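Please read the structure below before turning to the comments.
The values are calculated or read from the model by the stated rules, or taken from the named source; none is laboratory data. Remember, it's a predicted structure, so these values are computed and weren't measured experimentally. Glycine also receives a Cβ, built like all others from the backbone with ideal geometry; neighbour counts cover every protein chain displayed. The protein model used for the area step is the full one, side chains on, heavy atoms only, and it has no ligands, DNA or RNA in it. Shrake-Rupley method; radii C 1.70, N 1.55, O 1.52, S 1.80 Å.
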Amino acid sequence: MPVISKAAVADGHVVSLATSAVPAFDRSRGGAAATHVAIIMDGNGRWASARGLPRIAGHREGARAVRRTIEAAIRAGVSWLTIYAFSSENWRRPAGEIIDLTGLLRRYLQTEIAELKESGVRLRFIGERDRFDPDIQRDLAKAEADTRTNTRLNLTIALSYGARAEIAAAARAAIAAVQDGTLKPEDLTEDRFAGFLTTHDTPDPDLIIRTSGEQRLSNFLLWQAAYAEFVFLDVLWPDFDATHFDAALAEYARRERRFGARAG
Ligand code: FPP
């Protein structure tokens, strides 16, 4: 599917890209490089129904796009990549699709992890992993343990993830620390609070990409996204490739990030 250009929205910090009009990202040319890219992978179902295929065909093709994206991130020198594979709300989908999605995850863990390990990828998972079957939970823990010493790319996969639930859990953990005397309420700074989030060992995302033309955060990294730049692409996730990834990085490099301060 072609990537369609859209007009800039609001103050220009929310735009869609025409990849044909955007030069691919080239680290040697300077500009701000994104250290951490997070992606809301959207549009698998629409990709499948546009072809008269079952939704699982879109998810399968989406898994291939994940592979391409990991390769593109490594090539571009991005150190951190976080992908939203399954939201806590996705459990509300019909049982057949849940079985298909968890089956795909199971196969992904069994077939892709060895290669990711070889490629220098360190895996982390965030989200309510105890909602998955025990064999999947075991494979998640094993993938994390097996890749712990890798440093080329830090890949976080959000599974049964919801940011509000994550923030509520962090609040409960902070309260428990106050109650057991290890934390004084006045010491609960933003940084200390972030230490209670599941992303405590991960930098905040610089760039968040969402595919499929939708422009919302859908309960993804709400705390961590405070200063992220957003790039919304009119491409369905199964069609996403290195061209789109590089174009989003190039768009990010053109943005001026002020973190609330004044320009100049
Ligand atoms: C959104 O498309 C995508 C998902 C809910 C699942 C994401 C899964 C993958 C990309 C493949 C598996 C990934 C791994 C890591 C195993 P949608 O179904 O909401 O699409 P629609 O909005 O067009 O219906």
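Within region 105-125, track down each residue that is assigned to a strand (DSSP E or B) and either touching a residue at least 40 places away in the same chain (Cβ under 8 Å) or over 17 Å from T202 (Cα atoms) (or both). Spell out the reasoning first.
Initially, region 105-125 is screened for residues assigned to a strand (DSSP E or B), giving 121-125.
Across region 105-125, the qualifying residues are V121, R124.
Collect the residues in region 83-132 that are basic (K, R) and under 19 Å from G62 (Cα atoms), keeping them in residue-number order. So that I can check it myself, show each step before the final result.
At the first step, the residues of region 83-132 found to be basic (K, R) are 92-93, 106-107, 117, 122, 124, 129, 131.
Scanning region 83-132 gives R93, R106, R107.
So which residues in region 62-83 are closer than 19 Å to G43 by Cα and either open to solvent by less than 20 Å² (accessible area, probe 1.4 Å) or more than 11 Å from the ligand (Cβ to nearest atom) (or both), if there are any at all? Reasoning before the result, please.
Looking only at region 62-83, we keep the residues that are closer than 19 Å to G43 by Cα, and these are 62-70, 82-83.
Matches in region 62-83: G62, A65, V66, R68, T69, I70, T82, I83.
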Within region 104-114, how many residues turn out to be within 10 Å of the ligand (Cβ to nearest atom) and open to solvent by less than 20 Å² (accessible area, probe 1.4 Å)? 1
Return the residue satisfying two criteria in turn: it lies in region 84-103 and is outside any helix (DSSP H, G or I) and within 10 Å of the ligand (Cβ to nearest atom), and of such residues it is nearest to the chain's Cα centre (by Cα). Y84
